[in-house]
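Student: Following this message is one structure expressed as structure tokens.
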Amino acid sequence: MSNEQDDIIICRCNEVSIKEIREAIKNGARTVRDVKRRTRAGMGLCQGRTCAKMVARIIVNELKIPIEEVEMDTQRIPVRPVKIKNFSSKEVSDE
């Protein structure tokens with residue numbers, strides 16, 4: 001049965017929808033990390049800062065459990081390119 005909310009994107013970085021998250025929960029996901037492993041929600045540039053709380057709320061709604069029982073994933077620093085010269089005290093030429 002299709003739900004009008006199924007196509008709503010929860011993880012904008014990896015375009016993961018509510019439907020995909022619900023399917024992951026139906027297939028055994030019980031934590032935000034479980035959902036992340038099954039759907040890649042939270043693995044994008046923001047590292048879950050945008051979607052992790054929404055994923056947790058979906059888990060709460062689907063499993064009918066208190067939010068305190070939902071294990072969150074660890075936060076990671078967003079990845080950004082860094083020039084190698086930023087790691088050296090010596091000047092590095094561009095040759």
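The values are calculated or read from the model by the stated rules, or taken from the named source; none is laboratory data. Values in this document were obtained by computation on a predicted structure and should not be read as measured data. Note that we place each Cβ from the backbone using ideal geometry, even for glycine, and neighbour counts take in every protein chain shown.
Student: Restricting to the stretch 52-80, name every residue that is modelled with pLDDT under 75 and loosely packed, with under 10 Cβ neighbours inside 10 Å.
Tutor: Within the stretch 52-80, 77, 79, 80 qualify.
Student: It is to be established whether one or more residues within the stretch 40-52 are in contact with an Asp or Glu (Cβ under 8 Å, 6 or more places away or on another chain) and more than 20 Å from residue 7 (Cβ to Cβ).
Tutor: Yes, because at least one residue in the stretch 40-52 is in contact with an Asp or Glu (Cβ under 8 Å, 6 or more places away or on another chain) and more than 20 Å from residue 7 (Cβ to Cβ).
Student: Which of the residues that make up the stretch 21-30 are out of contact with any Cys (no Cβ under 9 Å at 6 or more places or on another chain) and either surrounded by fewer than 17 Cβ atoms within 10 Å (Cβ to Cβ) or assigned to a helix (DSSP H, G or I) (or both)?
Tutor: Passing the criteria: 22, 23, 24, 25, 26, 27, 28, 30.
Student: Pairs only if they're at least six apart or on different chains, beta carbon under 6 angstrom, first in the stretch 56-67 and within 16 Å of residue 39 (Cα to Cα) and touching a residue at least 24 places away in the same chain (Cβ under 8 Å), second in a helix (DSSP H, G or I) and polar (S, T, N, Q); list them, first residue then second.
Tutor: Correct list of pairs: empty, since none qualify.
Student: Looking only at the stretch 1-25, filter to residues that are of a type outside the set (Val, Ile, Thr) and in contact (Cβ under 8 Å) with a residue 24 or more places away in the chain; which one of those is nearest to residue 57 (Cα to Cα)?
Tutor: Looking at the filtered set, the residue picked out is 22.
Student: Could you say whether any residue in the stretch 38-45 is at pLDDT 95 or above and surrounded by fewer than 16 Cβ atoms within 10 Å (Cβ to Cβ)?
Tutor: yes
Student: Quickly run through the stretch 1-20 and pick out the residues that are in a helix (DSSP H, G or I) and of a type in the set (Lys, Arg).
Tutor: 19
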